[in-house]
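To start, the structure under review is shown below, and the notes come after it.
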Amino acid sequence: MSTIFYKYQGTGNDFIIIDNRSSQFNKNNTKRVSALCDRRFGIGADGLILLENDDEVDFKMVYYNSDGNESTMCGNGGRCITAFANMLGIISENAVFRAIDGLHQSRLEGEKVYLQMQDVDTVKINDSYVYLDTGSPHHVTLVNDVEALNIKSEGALIRYSDLYGKDGCNINFVQQVDETQFKVRTYERGVEDETLSCGTGVTAVAIAMSALNKTNKKQVELETPGGELSVKFSKQNDSYSDIWLIGPATFVYKGEIQ
């Protein structure tokens, strides 16, 4: 049996997306997911996303990292699956979908997709880093020159350290440009390498910079190796709500898996 797949990317964070409303894809075969995501022997992607039926909302998003394991929320993936659902005719401009961390609203405005993220009530500020969960756990640390870092090696040191145990964490390095602009590079667990962009990561960076009083703006611009993203939010005391991740989500090609 063959399976039709679609390739999407959001600021260089790329995904294999499959319409699984007929439940034909074997979700228990993690080796196959990993093989499909392999950039030399498979299609190649940072992750694989299934679009499935949901009885209460427009659709369900099931996300796997490139290691083949189902993972926590993926922000850029959420934006890409919104564009995919629009292409399938499931939605027009607005959507409500279910992900592993709960319900999300999203909408298309021109070439950009807006994705509402979960509220953040806890931001842990430490001497050299900030930790918070934006649907996925994130470690955020400020650096003077983000371009000079070896993200794979330095990110892995923190991801596998005793600080986060066996589950690990996503590691973000951020350089401030000015009060509204930040450069971000991210090491993603499950990919075990730098990705060109991480949606939950730039969301975590925007909130961390607000918590550290590096910005008092309610919308910041994040420059990643794969392109520009925006994050806007509301802040009340130490809690953050009405958080939106904003950026492009682009269809790349369609193919068939034998």
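Here, each number is a calculation from the coordinates, and none is a lab measurement. Keep in mind it's a predicted model, so treat the numbers as computed, not measured. Positions of Cβ are backbone-derived with ideal geometry, glycine not excepted, and every protein chain shown enters the neighbour counts.
Residues T180, T134, arranged from fewest to most other Cβ atoms within 10 angstrom of their Cβ, appear as T180, T134.
Ranking of L149, L157 by neighbouring Cβ atoms within 10 Å, starting from the fewest: L157, L149. Distance between the 7 Å Cα→Cβ label points at Q258 and E56: 4.3 nm.
Cross-link reach is defined here as a Cα-Cα straight distance under 13 Å, omitting same-chain residues fewer than 8 places apart; for K27 the aspartates and glutamates meeting it are D19, E52, E70. With contacts taken as Cα pairs under 8 Å and at least 6 residues apart, the chain reaches a relative contact order of 22 percent.
For the stretch 121-255, rounded, prolate or oblate, judged on the Cα gyration tensor with a ≥ b ≥ c (square roots of eigenvalues), a/c < 1.5 rounded, else prolate if a/b > b/c? Please report the intermediate quantities before stating the final value.
On the way: a/c = 1.41, a/b = 1.07, b/c = 1.32.
Rounded is the answer for the stretch 121-255, as its axis ratio a/c remains below 1.5.
Here the stretch 159-176 is scanned for amide nitrogen atoms under 20 Å from the site 7 Å beyond the Cα of I100 along Cα-to-Cβ, giving 159-161, 164-172. In summary, the lysines within cross-link reach of K217, defined as a Cα separation below 19 angstrom excluding same-chain residues under 8 places away, comprise K183, K232, K235.
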